[in-house]
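Take a look at the structure below.
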Amino acid sequence: MADPSSYRPKPGQIPDSPGVYRFRDDHRRVIYVGKAKSLRPRLSSYFQDLANLHPRTRTMVTTAASVEWTVVSTEVEALQLEYSWIKEYDPRFNVKYRDDKSYPYLAVTLNEEFPRVQVMRGAKKKGVRYFGPYGHAWAIRETVDLMLRVFPVRTCSAGVFKNAERTGRPCLLGYIGKCSAPCVGRVTPDEHRELAEEFCDFMAGRTGAYIRRLERRMTDAAEEMEYERAGRLRDDIGALRRAMEKSAVVLADATDADLIAVAEDELEAAVQIFHVRGGRVRGQRGWVTDKVEEVDTAGLVEDALQQLYGEESGDSVPKEVLVPALPEDQVATDALAQWLSERRGSQVSLRVPQRGDKKDLMATVGRNAQQSLVLHKTKRASDLTTRSRALEEIAQALGLDSVPLRIECFDISHLQGDDVVASMVVFEDGLARKSEYRRFQIKGFEGQDDVRSMHEVIGRRFKRYLAEKERTGEWTEENEGSTTSGENGENGENGQNADDAADDTTGQIPAAPGENGHAGPFGPSSLKEDDGRPKRFAYPPQLVVVDGGRPQVAAAKRAMDELGIDDVAVCGLAKRLEEVWLPDDDDPVVLPRSSEGLYLLQRVRDEAHRFAITYQRAKRAKRIRTSPLDDVPGLGETRKQALIKHFGSVKKLREATIEQICEVPGLGRKTAESVAVALAGTAPAAPAVNTATGEIMEDDGGSTHD
């Protein structure tokens, strides 16, 4: 625990101007980001008597080891910089709202030649029009089903669409009139896009004019005694009205607004948002967060606005945002409104409703937020109790001094000795931490040897840990012989390379006073080398679990002993009888089948196995899909496809002359010669045979199979 006075800036160093500040811990990780209209009084407030600070603020300042700041011109700039730093560094002491689930949206892919209506989750994509979010995907599908008879827009996947194009036969929806069947040319691309845009206009709330137009057409058809057409239009109007009834009218027509309500207690806060478009509630979503800093309702609202609109622009930001509270400082409120207006591209009204329908609807949103908080607390109390009991049982069974708050599990995967890989999964406080997952390629040898593979992987993981300790100055000079530079090939859940340069930097590098808006010895120094993000492999586990029995546990322990790691417990979980093995013990530890501790270890082991086998299968699939053209220097994917398209197959390309290869657009003679040499040095694969007909099949794609 650090003493805040040890890193308190000297009097006069902190500027009296707007800015954004960052607290860092002794590993140089950013643990808190904040903004202020005047940095001097705000930062000084953190360095008062600890007894006067809020408990969470006290924890933050005693965890921190330094503070730095950046001066900006306006509060709007401070708001933008604060948001981008929170997204970049993910500080542990900032309020971070997280969806309790991934809400589904109704999406129209206007970025495609033939726009498609579908349910989408996750990050929003450019060129796609979104409506919602909705509480359930089935609600979207019901609405779409009602509207397709009026707006028969394509809903099929790319594979189904291409298959219909190839066969000249539309899918079932095309036959029953719920798709205009652009796949077979029943409508032109422009006509289909016009349908999609009308669909979007209706979903955006412009419903009244369209229904009145349909009613006039129905009346005209009846007067002309075209009763079948009039009946179809009548049914279309009924379908649209049923779709409209699914979203209640709550405000006057043409009202576009988001209503945000907060329910909170001392520890947690829940936020609910109602999205009103065209006077109707078009979507609802909610978040729950831990209050890891001292913050009032206005502060929670500000954080919610950043979370909600930080990545949005244009019409995704409504004309009006209604909130339960605003900052007392009018300048801060104006800065928020200006930031929202810049995101939208036009004026946005940010205010607290005082009377009428909007105030009544805000009360409804508030009740939803309160119910969400109560439900979350009920579920969390049960989950927290179970996880705590599981960790305590593990600590007791393995004889640990404290509960293992961070558990890392390793597993080896291969297919008959080929594509040998390993996985590392991380559980913190009994919950999976997927951003910390890593994957490894076995490099030290070839073939199948799980014990040797486990030794290599554990060694590489803790070499990286020691390298991080040395880089941050935690590792003393007499231990330098045990550290090595980083290993290549460790990857996270998202496939990013986990290799960082093992540079020899200290945790704090002074900068010139006032340089780049930073002051004194608390500047950020070189952000390229030490940018505040949590480093890979920087956190040591309290417990290492390996998938296997005594041999794998012994290999893991031996790798750690060789590196001088003696403060991390090791155990193995054997699949056959679910026995827990400890190093140097002849008999396993047998946990009761009903034990929460055993169940947690099984979940950790199974997750490591899933992650390893997923990586192994991906590597094998990539190897199978390799082509002789992959080895041609300077030949990219586009020109590979051009070659295959021109000649039809690798077999025919192999038979072509250099002059014939040069005829392919974009290929020069030098590249053509390289292609010919590469294919000449590759023996053609044995022909594939159709076992049903005995027919020898042509090589059509250029893939080689092991």
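So if we plug the beta-carbon distance of D418 and T188 into 1/(1 + (r/R0)^6) with R0 = 56 Å, what FRET efficiency do we get, rounded to 0.05?
Step by step, r from the Cβ atoms, then E = 0.65.
Take the Cβ atoms of N111 and S346, set R0 to 35 Å, and the FRET efficiency comes out at 0.90. If you take all other residues with their beta carbon under 11 Å from the beta carbon of V331, and give Lys and Arg +1 and Asp and Glu -1, the sum is -3. The coefficient of translational diffusion for segment 283-371, derived via Stokes-Einstein from the alpha carbon Kirkwood radius under 37 °C and 0.692 mPa s, stands at 234 µm²/s. Solvent exposure of segment 137-214 amounts to 51 Å² per residue of accessible area, where only protein heavy atoms count and the probe is 1.4 Å.
Taking the Cβ-Cβ separation of E165 and T385 as r and a Förster radius of 51 Å, what is the calculated FRET efficiency to the nearest 0.05? Kindly include the intermediate steps, with their values, before the conclusion.
Working: r = 57 Å, r/R0 = 1.11.
Once rounded, the FRET efficiency stands at 0.35.
Once the cut-off is 24 Å, how many percent of the Cα-Cα pairs in segment 19-172 end up in the long-distance tail? That tail contains 57 percent of the Cα-Cα pairs. Rolling a 1.4 Å probe over the protein heavy atoms of segment 1-100, with every protein chain left in place, gives an accessible area that is 47 percent carbon and sulfur. Between L214 and S84, the simple spin-label model (points 7 angstrom out along Cα→Cβ) gives 4.6 nm.
Could you please report the charge total around S413, scoring K, R as +1 and D, E as -1 over all other residues with beta-carbon less than 12 angstrom from its beta-carbon?
Numbers: positive: R439, R610, R617, K619, R620; negative: D411, D418, D419, D450, D547.
Neighbour charge sum, excluding S413 itself: 0.
Surface composition of segment 156-228: carbon and sulfur make up 51 percent of the accessible area, probe 1.4 Å.
Residues in segment 316-474 average 48 Å² of solvent-accessible surface per residue, probe 1.4 Å, ligands and nucleic acids excluded. Given K434/K619; K35/K463; K469/K575, which pairs have Cα atoms separated by over 30 Å? From K434/K619; K35/K463; K469/K575, over 30 Å: K35/K463; K469/K575.
Full extension of the segment from I176 to T62, taken as 0.36 nm per residue of separation minus the current Cα-Cα distance, would add 34.3 nm.
Could you tell me what percent of the accessible area of segment 336-435 is made up of carbon and sulfur, with a 1.4 Å probe and every protein chain present?
Heavy-atom surface of segment 336-435 belonging to carbon and sulfur, 1.4 Å probe: 48 percent.
Computed 3J(HN,Hα) for segment 259-264, one whole-Hz value per residue from the Karplus formula 6.51 cos²θ - 1.76 cosθ + 1.60 where θ = phi - 60°, is 10, 10, 10, 10, 10, 8, glycine and proline marked x.
Counted over segment 320-421 with a bin width of 5 Å, the fraction of Cα pairs per bin, in whole percents, is 2, 9, 10, 9, 9, 9, 8, 8, 8, 10, 9, 6, 3, 1, 0. Computed over protein heavy atoms with a 1.4 Å probe, the accessible surface of segment 558-645 works out to 57 Å² per residue. For segment 275-414, the tally of Lys pairs with Cα-Cα distances below 19 Å comes to 4, considering only residues 8 or more apart or on different chains.
From most to least packed by mean Cβ count within 10 Å, the peptides 224-232, 342-350, 179-187 give 179-187, 342-350, 224-232. Projection of the Cα convex hull of segment 280-324, averaged over all directions and equal to a quarter of that hull's surface, yields 4.0 nm².
The values are calculated or read from the model by the stated rules, or taken from the named source; none is laboratory data. Bear in mind the structure is a predicted one, so any value in this text is a computation, not a measurement. Quick reminder, even Gly has a Cβ in these numbers, built from the backbone with ideal geometry, and neighbours come from all protein chains shown. Side chains included, ligands, DNA and RNA excluded: accessible areas come from the protein's heavy atoms. Shrake-Rupley method; radii C 1.70, N 1.55, O 1.52, S 1.80 Å.
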